[in-house]
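Quick notes on the structure that follows.
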Amino acid sequence: MSRGEIVAGARQTIQHGSKSFRAASRLFDPQTRERAWLLYAWCRHCDDVCDGQVLGFGRGAGGDVAALRDKTRRTVAGEDVGELPFQALGLLLAERPIPARYLDDHLKGFELDQGDWQPADEEELILYCFYVAGAVGCMMAIVMGVDADDEQTLGQAADLGIAFQLSNIARDIREDHGAGRCYLPATWLAELGVTPAALFEPANAAALEELVRRLVERVERYEASARAGVGRLPFRSRLAVLSALRIYGAIGRRVRDLGAAAWDERVTIGKARKLAFVVPSFAEALAAGRR
């Protein structure tokens with residue numbers, strides 16, 4: 001396919017796969033926006049294969065992560081494997097080289113999801129969040145122009161991804177519970193006297209609220225670290241990142257504030273509120289550029 005066809009396919013993927021990322025991507029300059037779509041197409045495909053989903057919807061038998069790793073390796077080597085997500089990745093790597101270690105780290109998260117895995121403690125939770133989202137933060141930073149050797153800025157970009165994933169975990173506790181998954185540290189559960197199987201029993205409502213409170217406290221901690229690095233990005237990238245930070249942070253905080261009602265339906269952030277986040281993000285992006 002031509003570049004235009006690959007970009008159009010990646011755009012279709014993000015249009016149907018993520019309202020939040022799609023909204024934030026509109027704030028990038030055209031070149032960065034297209035490259036963000038290319039990266040998203042590969043990430044979305046890996047996630048869908050792992051969870052047996054289509055564009056994030058449904059739940060079926062997990063696919064073969066080893067096959068994903070093989071096709072990714074071949075793509076990094078310059079081979080066209082004939083599938084849009086990998087063609088998108090190949091085009092991105094040709095235009096904005098990304099160290100293969102970040103691709104490898106991202107796939108490690110899916111390998112954990114394939115097994116009967118739960119983090120033993122907070123350290124393992126954060127490592128998992130790095131794999132599935134922090135590594136993507138690093139790749140996106142490079143897409144936005146950060147040098148691949150700028151470890152400080154990449155570390156702060158990883159923290160942004162970790163914050164996003166912690167919000168996702170808070171929002172999706174019930175959905176993950178139904179799928180037999182638990183991303184809450186075993187040490188936290190043991191401290192509160194809760195087992196994964198009994199998480200949603202009425203007697204454990206207060207413990208569940210405490211678990212969400214802890215997740216959101218970590219979200220805010222990693223958001224603060226990420227904010228410290230946005231000044232090194234171009235203005236429109238700063239604006240997009242800060243808007244996304246507010247949108248995803250609002251998800252976790254909404255789950256916390258709703259308490260037991262948080263899982264009556266999936267927590268989302270409406271279009272009007274997303275647009276409202278752009279105004280303070282614009283002001284913050286301007287201020288960050290002056291530091």
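In whole Å, what three semi-axes, largest first, describe the equivalent ellipsoid of region 29-156 built from its Cα gyration tensor (square root of 5 times each eigenvalue)?
In descending order, the three semi-axes are 23, 20, 13 Å.
Ignoring the sites themselves, the chain has its longest run without GluC sites (Glu not before Pro) in a DSSP loop having at most 16 other Cβ atoms within 10 Å at 84-264. Report the relative contact order of region 78-186, percent, no decimals, based on alpha-carbon pairs under 8 angstrom and at least 6 residues apart. Here the relative contact order equals 30 percent. Length gained on full extension, Ala66 to Arg213: 49.3 nm, using 0.36 nm per residue less the C-alpha separation.
Rounded to the nearest 500, the 222 nm mean residue ellipticity of the chain from helices alone is -22500 deg cm²/dmol, with -39,500 (n - 2.57) taken per DSSP H run of at least 4 residues.
Of the listed residues Asp51, Asp257, the order by accessible area with a 1.4 Å probe, largest first, is Asp257, Asp51. When the chain is treated as a Gaussian network with alpha carbon springs shorter than 10 Å, the biggest mean-square fluctuation among Leu103, Leu275, Leu84 belongs to Leu275.
Within the listed set Ala186, Ala276, Ala24, the Gaussian network model of the chain (springs between alpha-carbon atoms below 10 Å) gives the highest mean-square fluctuation for Ala276.
In whole percent, how big is the carbon plus sulfur part of the accessible area of the chain, probe 1.4 Å, protein atoms only? Provide the component values of the computation, followed by the final result.
Details: 6840 of 12940 Å².
For the chain, the apolar C and S fraction of the accessible surface comes to 53 percent.
Estimated from the Cβ-Cβ distance and a Förster radius of 51 angstrom, the FRET efficiency linking Glu5 and Asp264 is about 0.75. Computed over neighbours whose Cβ is under 12 Å from that of Glu265, the net charge equals +2, Lys and Arg +1, Asp and Glu -1. Between the Cα long axis of helix 205-227 and the first principal axis of the chain there is an angle of about 30°, rounded to the nearest 10. Between Asp121 and Ala228, how many nm apart are label points set 7 Å from Cα along the C-beta direction? Once both label points are built, they end up 2.3 nm from each other. Let's test the formula: R0 of 22 Å, r as the Cβ-Cβ distance of Gln31 and Glu151. What FRET efficiency results, to the nearest 0.05? Efficiency computed from Cβ-Cβ geometry: 0.35. Annotation note: chymotrypsin sites (Phe, Trp or Tyr not before Pro) in region 109-159 located in DSSP loop regions with a Cβ neighbour count of at most 16 within 10 Å are Trp117. Between Leu286 and Glu111, the distance separating the two model label sites (each 7 Å from Cα on the Cα→Cβ line) works out to 4.8 nm. What is the local net charge at Gln156, summed over the other residues whose Cβ is closer than 13 Å to its Cβ (Lys, Arg +1; Asp, Glu -1)? Around Gln156, the charge tally is 0.
Per residue, the accessible area of region 140-255 comes to 37 Å² when a 1.4 Å probe rolls over the protein heavy atoms.
The values are calculated or read from the model by the stated rules, or taken from the named source; none is laboratory data. Here the structure is a predicted model, which is why all the values come from computation and not from measurement. As a convention, Cβ positions derive from the backbone with ideal geometry for all residues, glycine included, and neighbour counts pool all protein chains shown. Surface areas here come from the heavy atoms of the whole protein model, side chains and all, with no ligands, DNA or RNA. Shrake-Rupley method; radii C 1.70, N 1.55, O 1.52, S 1.80 Å.
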